[in-house]
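*Asks:* Got a structure for you, written out below as structure tokens; questions coming shortly.
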Amino acid sequence: MCGIIGYVGHQPAADVLVQGLRRLEYRGYDSAGVAVVSPQGELQVVKATGRIDHLAAKLAHTPPRGSCGIGHTRWATHGAPADVNAHPHLGGDGLLAVVHNGVIENHQELKAQLESEGFRFRSETDTEVLAHLIAREWEALSVSQPLEKEPSALVVQQRLVQAVQRALSQVQGTFGLAVVLRGHPELILAARRGSPLVVGIGQGEHFLASDAVCLAPWTQQIVFLADHELAVITAQGFRIIHRDTGQVTPQIQHLGLEASSVERGPYPHFMLKEIYEQPEALRNTMRGRLDLESATAHFGGLNLTPSQLRNVRRIVMTGCGTSWHAALVGEYLIEQLARLPVEVEYASELRYRNPPLEPGTLLFAITQSGETADTLAALREIKRKGHPTLAICNVVGSSIAQEADGGIYLHAGPEIGVASTKAFTAQCVALALLALYFGRLRDLSFTQGLEIIGHLQRLPVAVQKALECDEVVREIARRFQHCRNFLYLGRQYQFPVALEGALKLKEISYIHAEGYPAAEMKHGPIALVDEETPSVFLIPRDHVYDKVLANLEEIKARGGPILAVVTQGDERAAALADAVIEVPEVVEYLQPVVMVVPLQLLAYHIAVLRGCDVDKPRNLAKSVTVE
């Protein structure tokens, strides 16, 4: 969830690092810092608690000189947010600087050992252990294999690779790290285990980042590091070394992102931009995957034959947060359209369980970033047991995309806002395509398949029309922004949407909200109902419409304000509600994609009215890469 940026080339490094850190702000952070190696080889470290602007102000006051450096945005795991705990951290007597994403699980034992050897710690972080450990190994190598007075660049690179490899062999946990060395203003070394890193290729300059998105303004050629790989990066080139097999041939990929795709454009916040991007994101998710000739969906990356998929007897879906809600929608979709049993598991729970999984079980790991630590661990555990694993992911080259046996890329475009919006609806559509595919392998007729395709093709237009409720939602937000508790209620396909709507409100407005199946209200939560607790009812015209209206009446009878999201033209539900939002009518199994839009807008407008930082909500990060 922290961010890493590195640069070596011909530009002022500090300028590039700050620009990169700004593009990593969405990942969540509480402090930031840079280390630049001057042309004379001095390490210049500048750190600041709070926003990037604080760091930029310090850098403007005392600008570091040099064209080689590393930067970091930190989200606290060990030690409170403070300048002293911000990265980069120095190793030894200032021999080197390190930035690090991940968690060093045995840092306490290593710290005690290093302190006994005379190393002095200045921070509370686990990362400083890495810095001193690498410095210790460098010094040990210098004693056993002294360097010449003016060693060649290649000899220095090899020595640093040795020192880092020896240090990391003592470490338990995860890391994506970058190192710069005093006296060597032409070198960055990076290493990865369990936390993403990508090298960006330029002309006479090279880049390093924890997220390829931030490299879009500078390069379209990138190389993703795999676990246990190190990258030696200079202005003129780079090479990749695997811990076990030595130097490897890099696979250069095209990034395929315009710089404008990671800019806000005319929108005040990324979240609002991404809400409005949903019609196009859904088109991109479906593009090339609807097969009218066979009345089914087509996927190029599942890496399992139709025969193998036909023999699937049970599907387990796992994810966290919004992705878990999308999985719940997928459970309804696949069970209805394909008649396959589906189980949805929190990844954080599944990774530590030992559930009995019979032959024929297939795992789907659902994730926007592809780096969610719990989801990755759950995937690895199920894969270890010999079951096929597939991913539904939005980020090409991410850890989960690399480790799954196959999968589906969403192609929804970069999602910068911490609160997921277009990734959720794209996940729901990808799961609808899967339900169609599995259904056609099993019981769905050609005619039924064509009918589903028709509904899917019309869905982006329906979402575009749903966005027209924006002004109505803004007025409703003004009415209810003062409330401190909300209930979100729906049944069947709308239950996961209720959960997602409540999560969005909690994430960005800091208002307590809970989602429930509407019929469960009378089993306890109805005790919370009062005139200051609005209930947001999701009431499309579906097979439980009358049942949900009866649940609404129960709340109304107890004086609770009712906000109803209804199908266009529904006067019956509108007459019972205190506020109404209308959305277009779509087929029941695609209603979540349309019904969630006003809930996203409601959370957004309430957060704005309350003065909250919509794109960077407190305590949260976009990609949760720690447990």
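*Asks:* May I ask you to verify whether A391 is assigned to a strand (DSSP E or B), within 24 Å of A435 (Cα to Cα) and open to solvent by less than 30 Å² (accessible area, probe 1.4 Å)?
*Replies:* Spelling it out, A391 is indeed assigned to a strand (DSSP E or B), within 24 Å of A435 (Cα to Cα) and open to solvent by less than 30 Å² (accessible area, probe 1.4 Å).
*Asks:* Looking only at segment 277-303, which residues are in contact with a His (Cβ under 9 Å, 6 or more places away or on another chain) and of a type in the set (K, R)?
*Replies:* Answer for segment 277-303, where residues must be in contact with a His (Cβ under 9 Å, 6 or more places away or on another chain) and of a type in the set (K, R): R287, R289.
*Asks:* Suppose we filter segment 58-76 for residues that are open to solvent by 60 Å² or more (accessible area, probe 1.4 Å) and not basic (K, R); how many remain?
*Replies:* Going through segment 58-76 one residue at a time, the tally reaches 5.
Residue-wise test of (1) modelled with pLDDT of 90 or more; (2) among the small types (G, A, S).
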site	(1), (2)
A48	yes, yes
R51	no, no
L55	yes, no
T62	no, no
G79	no, yes
L90	yes, no
V99	yes, no
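*Asks:* List pairs: first in segment 39-60 and touching a residue at least 60 places away in the same chain (Cβ under 8 Å), second open to solvent by 60 Å² or more (accessible area, probe 1.4 Å), Cβ under 8 Å, 6+ apart or cross-chain?
*Replies:* P39/R65; G41/R182; E42/R182; L43/L90; L43/R182
*Asks:* Across segment 557-610, which residue is farthest from the chain's Cα centre (by Cα) among those that are open to solvent by 10 Å² or more (accessible area, probe 1.4 Å) and β-branched (V, I, T)?
*Replies:* Restricting to residues being open to solvent by 10 Å² or more (accessible area, probe 1.4 Å) and β-branched (V, I, T), the top hit is V580.
*Asks:* In segment 508-522, which residues are in a helix (DSSP H, G or I), open to solvent by 40 Å² or more (accessible area, probe 1.4 Å) and in contact with a strand residue (DSSP E or B) (Cβ under 9 Å, 6 or more places away or on another chain)?
*Replies:* The answer is E520, and nothing else.
*Asks:* List pairs: first in segment 439-467 and closer than 30 Å to I581 by Cα and open to solvent by 10 Å² or more (accessible area, probe 1.4 Å), second assigned to a helix (DSSP H, G or I) and not aliphatic (A, V, I, L, M), Cβ under 7 Å, 6+ apart or cross-chain?
*Replies:* Q464/P279
*Asks:* Given the residues L505, L538, which is the only one that is open to solvent by less than 10 Å² (accessible area, probe 1.4 Å), out of contact with any Ser or Thr (no Cβ under 6 Å at 6 or more places or on another chain), under 18 Å from R572 (Cα atoms) and modelled with pLDDT of 90 or more?
*Replies:* None of the others qualify; the one that does is L538.
*Asks:* Same structure again: Kindly list, by first and then second residue, each pair from a residue in segment 62-80 that is more than 21 Å from F175 (Cβ to Cβ) and hydroxyl-bearing (S, T, Y) to a residue that is in a loop (DSSP other than H, G, I, E, B) and open to solvent by 10 Å² or more (accessible area, probe 1.4 Å), limited to pairs with Cβ atoms under 6 Å and residues at least 6 apart or on different chains.
*Replies:* S67/G9; S67/H10
*Asks:* With the requirement that a residue be open to solvent by less than 50 Å² (accessible area, probe 1.4 Å), modelled with pLDDT under 95, not in a loop (DSSP other than H, G, I, E, B) and not aliphatic (A, V, I, L, M), what does segment 292-335 give you?
*Replies:* Correct list: empty.
The values are calculated or read from the model by the stated rules, or taken from the named source; none is laboratory data. Given the structure is predicted, the values throughout are model-derived calculations rather than measurements. Positions of Cβ are backbone-derived with ideal geometry, glycine not excepted, and every protein chain shown enters the neighbour counts. Accessible surface is based on the protein model in full, side chains and every heavy atom, while ligands, DNA and RNA are left aside. Shrake-Rupley method; radii C 1.70, N 1.55, O 1.52, S 1.80 Å.
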